[in-house]
Each structure stands twice: as structure tokens, then as C-alpha cells.
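Here's the structure, in C-alpha cells; my notes come after.
Just so you know, all these numbers are worked out from the coordinates, no wet-lab data involved. Only a predicted model underlies this, so the values are computations on that prediction, with no experimental measurement involved. Positions of Cβ are backbone-derived with ideal geometry, glycine not excepted, and every protein chain shown enters the neighbour counts.
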């Protein structure tokens, strides 16, 4: 009896050891291509948290690794499609020919914060835009926005109208159209190049959310800010997954990753960017930047020059075969009535 019991125990231990080894051998590393600095909230907070969620949801079978220095952010979606990385995030405005529909969330007029807009972005995309074809070749893992974009300048001006004729670094998306309507000369460059442009006087200012004035140290070269109540625009981003990577996982692990992505990851990113904005604004104020609240005249001027932008987007977006007018209304209703979700 003792011999039989010993043999059974050894057999059970052997099976357990094999199962453990097999689980380790089949573990997958999800390589996430990124940009901006390691201390940016996406790289310091959002992706690491998502990685923990994925590792927990898959019982350690999938882990996440951040890959830096992947080139211009406009190439990151292509890198996911080509298999150079397994996932990546980027700004939709860097690829305007492909991404027209996300500009919906960038339009001025929504009275809600980054988390609310990010979750509304995801929900409305799933309801209205999922079959548009804009994300063909990748699997969409999240949609989110940075905080409100403001104008930051090397030298102070008397009013928002006074920025006419200045050279302003503009990233892309709806901010390009706003720059045109303000009468500025747009200097197109990724955020990683903007400090140099400002320091050398190639640009007189920058359109940017509060967060990156601290992280990118732009406060050193553009210390004057005109702050609009809800910003001039928002910036739309996506997190993209490789279908090939997902296909290489078990159905169980695919489902686990999707459970901690989508709406949940969108909320996480929006919440993190909103928090980072609060920290960024407090920092630039504390370190000597001048933040001027927009006057009633500034607000009235901005509302006047941005009239018709909704209709222009609806016209362009409708070409993608979607009900753009209904989507825009539903998006704003969703964002402005959002209740925070548990993360």
C-alpha cells in the first residue's frame, strides 16, 4: 500500500510539474510599441496597469513588455499590421487619410472630461463605426483622448484673437482646422520635436494639453497659456492589437485580454490623462508659467470662428457609410451624462 501510494504521489507531482512547465513554455509576451518619454502617463501608468490586468486575467500566460524608440508615431499602426510589434498606441491625427471618424471626439463643444469622452468614444465607435473599415488589419483595444488642448506661447498676447499670424506647432486632427480658423501658421511636427522648434524660435507657440507642458518641459520655452473652459479641442488616440498575435493565443486568453481592454482600458487611459493634466497645470503654475483664463470675449470669438465645424465633420464622415449626425449627438449625450466605472 505504501509503495502504491508513493507511486501515485510521484505521478501526481510529475503531472503537476509538466503542467507548470507547459504553462511556462506556452507563455506569450505582448510587445507594445510606444512613443513619448518613459515618464509620460501612458508609459508610466496606463500600459503597466494594462499589463498587470492582462497577466492576472491570463494567470500569467501573457505578459506585457513596452518597446520604445519605434520611430514616428504615424508608423505604429503599420508596425502592428506587419507584426513588428504586437500592439501599439498612437494619435489618430497623425494618419488623417485613414482615420476620419475619430475626429468626432476632437470637435469643440463637448462639455466633459477625458475619462467621460474616452468611454463615450469607445461606446459610440462600437455602436456606430465598427463596420467602417478604418481599423481593418488590426484589432481595436481602446479609444481615448488626452485632456483639453490649449494654446501656449513664448510671449504673452492681449487676447485669443491676437494669436493671428503667429507660428504655432500643431499636431494634427481637428487642431489643424482650429489653427486655420484662428489664422495662425501651422508648424507640423510630432510632440517629440516641439521643444526644439520653440527653443529656436521656429514656432511662437504650441497647441498642447497641460500634462505635456510639464513632461515635455515645454513650460521652459512656452510659459504663457490661454486656458479655455473646456479647451479648444481634444486629441483622439487608439490602442491597436495584432490579429496574428491574438490568433496565437487560446480562446480563453483572447477573451481574457478583451475583458480588460475596450471600455475598461479606454476609461483607464482617459482617467490617467485627466489626472496628469491636473498635475501638469499645478506644476506650470508653481514653476512660474502664466496661465490666463479666457475672457468672455475670447470665448465668444472662439465660438464664432468654430461655427460649422460639426457640419463639416458630418459631411466628411458620412462618406464612410455611417450615420455621422446621429453618432455625434449620441456621443455628446453619452459623454456629458457619463458615470465613472470601476477599474
May I ask you to work out the translational diffusion coefficient for the chain at 10 °C, viscosity 1.306 mPa s, via Stokes-Einstein with Rh from the Kirkwood sum over Cα pairs, reported in whole µm²/s? 74
Using only Cα atoms, tell me the angle between helix 114-124 and the longest principal axis of the chain; keep it within 0 to 90° and round to the nearest 10. 70
Highest mean first, what order results for 283-291, 165-173 on Cβ atoms within 10 Å? 165-173, 283-291
How tilted is helix 262-286 with respect to the longest principal axis of the chain? Cα atoms for both, answer in degrees (0 to 90, nearest 10). 50
Rounded to the nearest 10 degrees, the helix 309-318 long axis (Cα) sits at an angle to the longest Cα principal axis of the chain of 40
Enter the per residue convex hull volume of region 185-256, computed from alpha-carbon coordinates, in Å³ rounded to the nearest integer. 154
So which residue, out of 117, 176, 202, gets the largest mean-square fluctuation from a GNM of the chain using Cα contacts under 10 Å as springs? 202
DSSP bridge pairs, the chain: antiparallel proportion in percent, nearest 5: 50
With a point put 7 Å past each Cα toward its Cβ, work out how far residue 181 is from residue 230 in nm, to one decimal. 1.3
Given springs between every Cα pair under 10 Å in a Gaussian network model of the chain, which of 63, 41, 225 has the largest fluctuation? 63
Counting only helical runs of four or more DSSP H residues, what would the 222 nm mean residue ellipticity of the chain come to if each run contributes -39,500 (n - 2.57) and the total is spread over all its residues? -13500 deg cm²/dmol
Which of 134, 220, 296 fluctuates most in a GNM of the chain (C-alpha springs under 10 Å)? That residue is 296
